[in-house]
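Q: For reference, the structure I am asking about is given below.
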Amino acid sequence: MSELKVSKLIKRFGGLVAVNGVDFTFPEGKISAVIGPNGAGKTTFFNMITGIYIPDEGEIELGGKSIVKVKPHKITELGVARTFQNIRLFGSMTVLENVMVGMHIHLKAGLFGTLLRLPGIRQEEEDSAAEAYRLLEYVGLAAYLNEEAGSLPYGAQRRLEIARALATRPRVLLLDEPAAGMNPRETAQLIELIKQIQREMGITVVLIEHDMKLVMELSEYILVLDYGTKIAEGVPEEIRSNPRVIEAYLGKSAVRQEVMS
């Protein structure tokens, strides 16, 4: 099972409540989005799911089992992969090596054995390289495999991050603003890639995104946060016309205009 569920989730930083009692179940094998204005608590929410932050209260379950207080690398082993708002590639390593880094949790040799090519791991290394190449083909980056990751165009770096996340063999894929900084053509390609991942791999995809056109086109379910509190949830059609969501993004005057129109 890859159902991801949070219950009464709370995270405080001093006197600030960044996430306040959030309940939500991300449907297994579907694409969901977490949206909200700046400062709504979205990245803090992701950081708790991936073990970077420990919730002050509440529960996080993956496939019915708690992952609260589980170390981040163990959460990755359990099947939760993540990309970041700010790209975190190994810029001086090749594109292929970046993807192979994502595989280290499943390799007997471990990360350093793979990178240092220690004796006795040649077959495992060859198998890993072949799998990494397959993932690069999947995301459309096979032509770049021997180039330094830092030299790639911005949109390609975003897709490389996704390939590296897929290399961990996830059940749940968290994408933190995957379209940030992309031009319209790159965004369209990203949308098709995410749809393909969900359709062909059956992975539960959850994204944080400010591009509302992308969210409405891509997501099947949406969770809306504002000041750390859930203000709405539902399918895109429900969210698009929800007065509380419109107010959170555009202010009360926008709600009045929506009602009068």
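The values are calculated or read from the model by the stated rules, or taken from the named source; none is laboratory data. These figures come from a predicted structure and were not determined experimentally. Every residue, glycine as well, gets a Cβ built from its backbone with ideal geometry; the counts of neighbours run over all protein chains shown.
Q: For segment 166-190, what are the residues that are part of a helix (DSSP H, G or I), under 28 Å from Pro72 (Cα atoms) and at pLDDT below 95?
A: Within segment 166-190, Leu190 is the sole residue that qualifies.
Q: Which one of these is in the same structural domain as Ser7 (by TED's automatic domain parsing), modelled with pLDDT of 95 or more, surrounded by 13 or more Cβ atoms within 10 Å (Cβ to Cβ) and assigned to a helix (DSSP H, G or I): Ile231, Ile194?
A: Selected residue: Ile194, the only one of Ile231, Ile194 that is in the same structural domain as Ser7 (by TED's automatic domain parsing), modelled with pLDDT of 95 or more, surrounded by 13 or more Cβ atoms within 10 Å (Cβ to Cβ) and assigned to a helix (DSSP H, G or I).
Q: A follow-up question, please. May I ask you to say which residue of Lys74, Lys8, Lys69 is loosely packed, with under 15 Cβ neighbours inside 10 Å, in a helix (DSSP H, G or I) and assigned by TED's automatic domain parsing to the domain that holds Val206?
A: Step by step, each of Lys74, Lys8, Lys69 is checked, and only Lys74 is loosely packed, with under 15 Cβ neighbours inside 10 Å, in a helix (DSSP H, G or I) and assigned by TED's automatic domain parsing to the domain that holds Val206.
Q: Assigned by TED's automatic domain parsing to the domain that holds Thr43, closer than 26 Å to Lys5 by Cβ and not β-branched (Val, Ile, Thr): does that describe Glu200?
A: yes
Q: Moving to a separate point now. Can you confirm whether segment 29-40 contains a residue that is assigned by TED's automatic domain parsing to the domain that holds Glu217, at negative phi and part of a helix (DSSP H, G or I)?
A: Within segment 29-40, none of the residues are assigned by TED's automatic domain parsing to the domain that holds Glu217, at negative phi and part of a helix (DSSP H, G or I).
Q: For the structure I just gave you, tell me whether Phe45 is in a helix (DSSP H, G or I), among the aromatic types (Phe, Trp, Tyr) and more than 13 Å from Val80 (Cα to Cα).
A: Against the criterion (in a helix (DSSP H, G or I), among the aromatic types (Phe, Trp, Tyr) and more than 13 Å from Val80 (Cα to Cα)), Phe45 qualifies.
Q: Sticking with this structure for a sec: Within 25 Å of Ile194 (Cβ to Cβ), under 17 Å from the mean Cα position of the chain (by Cα) and at pLDDT 95 or above: is that true of Ala156 in this structure?
A: No; evaluated as a whole, the condition is false for this residue.
Q: What is the one condition in (1) under 18 Å from the mean Cα position of the chain (by Cα); (2) surrounded by 16 or more Cβ atoms within 10 Å (Cβ to Cβ); (3) not in a loop (DSSP other than H, G, I, E, B) that Val17 does not satisfy?
A: Only one criterion is unmet by Val17, namely (1).
Q: Within segment 43-52, does at least one residue satisfy the condition of being closer than 13 Å to Val206 by Cα, in contact with a Leu (Cβ under 8 Å, 6 or more places away or on another chain) and of a type in the set (S, T, N, Q)?
A: Checked against the condition, which is being closer than 13 Å to Val206 by Cα, in contact with a Leu (Cβ under 8 Å, 6 or more places away or on another chain) and of a type in the set (S, T, N, Q), segment 43-52 yields at least one hit.
Q: Next question, about the same structure. Give me the residue from segment 94-128 that is among the polar types (S, T, N, Q) and at pLDDT 70 or above and, out of that set, surrounded by the fewest Cβ atoms within 10 Å (Cβ to Cβ).
A: The residue in question is Gln123.
Q: With the requirement that a residue be surrounded by 15 or more Cβ atoms within 10 Å (Cβ to Cβ) and closer than 15 Å to Arg169 by Cα, what does segment 77-91 give you?
A: Leu78, Gly79, Val80, Ala81, Arg82, Thr83
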